[in-house]
Amino acid sequence: MSMSSIQEQVARYGYVTEAVADDLDLIAEINRLKKEKNAVILAHYYVDGAIQDIADYIGDSLGLSQQAAATPADMIVFCGVHFMGETAKVLSPNKKVVIPDLNAGCSLADSAPADKFAAFKAQYPDHLVISYINCSAEIKALTDIVCTSSNALQIVNSLPKDQKIIFAPDANLGRYVAHKTGRDLVLWDGACIVHIDISREKLQKLREENPDALLIAHPECKEDILLQADFVSSTTGLLKFVQEYPHDKFIVATEAGILHKMKESVPHKKLIPAPATDNNTCACSECPYMKMNTLEKLYNALLYEQPEIIVPENTRLKAYASVARMLELSKGI
Ligand code: SF4
């Protein structure tokens, strides 16, 4: 297969569509290619379990960006969504960064188009911009400090009390941070389709059926879910809580992919995904973008080193400054 036809496939479909032979041992081949190309596979907790199982590192946005910054590999294969691949490229410009499918976007990142956000920011010239990592490289370039749900409170608290702040793009996380820190934040009105789709009514019913379960939630959920939660934290924080808190039953209000790791680490505990409003197949909250990552696309991405993430250098340099500031402020988390 010539490189130009591979690039044509990527330009047309967003990923390498080359069929993988039925009898190919995908796992063995991925491991072989990884070694041969000195590549590392990073996977977010929300991708399918089969991909998590083959990854070199599994984590949430903070952990994965720390790994991307530190890896000695020549190539990063990022199984997550587009902005995560971009963040890896921002941090590691000399490494090749590929993702299995360019169509794996993010509703939250898409809710903040750079031109509209630049106009919004211009209305508040004396404000510092803190952006949740779930945004495009262009938004990061318009940002002073990036944060994740693991370090948002710490980053806001590290600033002087009278510092005026714009928080973008997730309004639910922003409201949560404002509430926890007592700050008056100017919020960009973005949201994640997965977390805001958790159904309050179905959750109420589930809680009535399971009165002995603790409700744990990600701060991207709506305020009415967060107000009734027993514990609110980042994906990694929720995982740790389930592992360490002496309780046997939890309702987990975040993307259901995290249950793979949770079940693996606490197989004796009962973990119930919070229900979504729509009638998807599993009746839980699944990110359609994360599920675009498949073993076949991962194999093709490794083999053909496509689709590659490219970030223009002027954008990268500005985005780098805001991400580097976060990594500096998050040391020890
Ligand atoms: S779960 Fe939400 S925030 Fe995370 S990648 Fe999917 S759409 Fe984006």
Filter region 111-142 down to the residues that are under 18 Å from the mean Cα position of the chain (by Cα) and of a type in the set (S, T, Y) and list them by number. S111, S131, Y132, S136
Give the residue, chosen from Y46, Y15, that is assigned to a loop (DSSP other than H, G, I, E, B) and within 27 Å of S131 (Cα to Cα). Y46
Go through region 234-278 and count every residue that is surrounded by fewer than 19 Cβ atoms within 10 Å (Cβ to Cβ) and in a loop (DSSP other than H, G, I, E, B). 10
Run T71 past the list (1) closer than 21 Å to E328 by Cβ; (2) under 16 Å from the mean Cα position of the chain (by Cα) and report the number of the one that doesn't hold. (2)
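Check K249, K269 and return the single one that is closer than 22 Å to I216 by Cβ, modelled with pLDDT of 95 or more and touching a helix residue (DSSP H, G or I) at 6+ places or on another chain (Cβ under 7 Å). Reasoning before the result, please.
Values: K249 fails: touching a helix residue (DSSP H, G or I) at 6+ places or on another chain (Cβ under 7 Å).
The conditions single out K269.
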Given (1) at pLDDT 95 or above; (2) out of contact with any helix residue (DSSP H, G or I) (no Cβ under 9 Å at 6 or more places or on another chain); (3) farther than 17 Å from H127 by Cα, index of the condition E201 fails: (1)
List pairs: first residue in region 288-302 and in the same structural domain as K34 (by TED's automatic domain parsing) and of a type in the set (A, V, I, L, M), second residue assigned to a helix (DSSP H, G or I) and away from the ligand (no atom under 16 Å from the Cβ) anywhere in the structure, Cβ distance under 7 angstrom, at least six positions apart or on different chains. L295/L26; L295/A50; L298/I30; L302/I30; L302/L33; L302/K34
Hits in region 90-109 (condition: more than 12 Å from T71 (Cβ to Cβ) and surrounded by 18 or more Cβ atoms within 10 Å (Cβ to Cβ)): V90, V98, I99, P100, D101, L102, A104, C106, S107, L108, A109
Looking at P211, P219, can you tell me which residue is at pLDDT 95 or above, in a loop (DSSP other than H, G, I, E, B) and within 14 Å of the ligand (Cβ to nearest atom)? P219
First in region 34-56 and small (G, A, S), second anywhere and in a strand (DSSP E or B), Cβ under 6 Å, 6 or more apart: A39/M75; A39/V77; A43/I58; A43/C79; A55/I41; A55/A43
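From the list A168, A178, which one is more than 27 Å from P288 (Cα to Cα) and small (G, A, S)? Write out each step before concluding.
Working: A168 fails: more than 27 Å from P288 (Cα to Cα).
Result: A178 is the single residue among A168, A178 that is more than 27 Å from P288 (Cα to Cα) and small (G, A, S).
State yes or no: is L329 more than 17 Å from the chain's Cα centre (by Cα) and at pLDDT below 95?
On the way: more than 17 Å from the chain's Cα centre (by Cα): yes; at pLDDT below 95: yes.
When the stated conditions are applied, L329 passes them.
The values are calculated or read from the model by the stated rules, or taken from the named source; none is laboratory data. Note that the structure is a prediction, hence the values are computed from the model and not measured. As a convention, Cβ positions derive from the backbone with ideal geometry for all residues, glycine included, and neighbour counts pool all protein chains shown.
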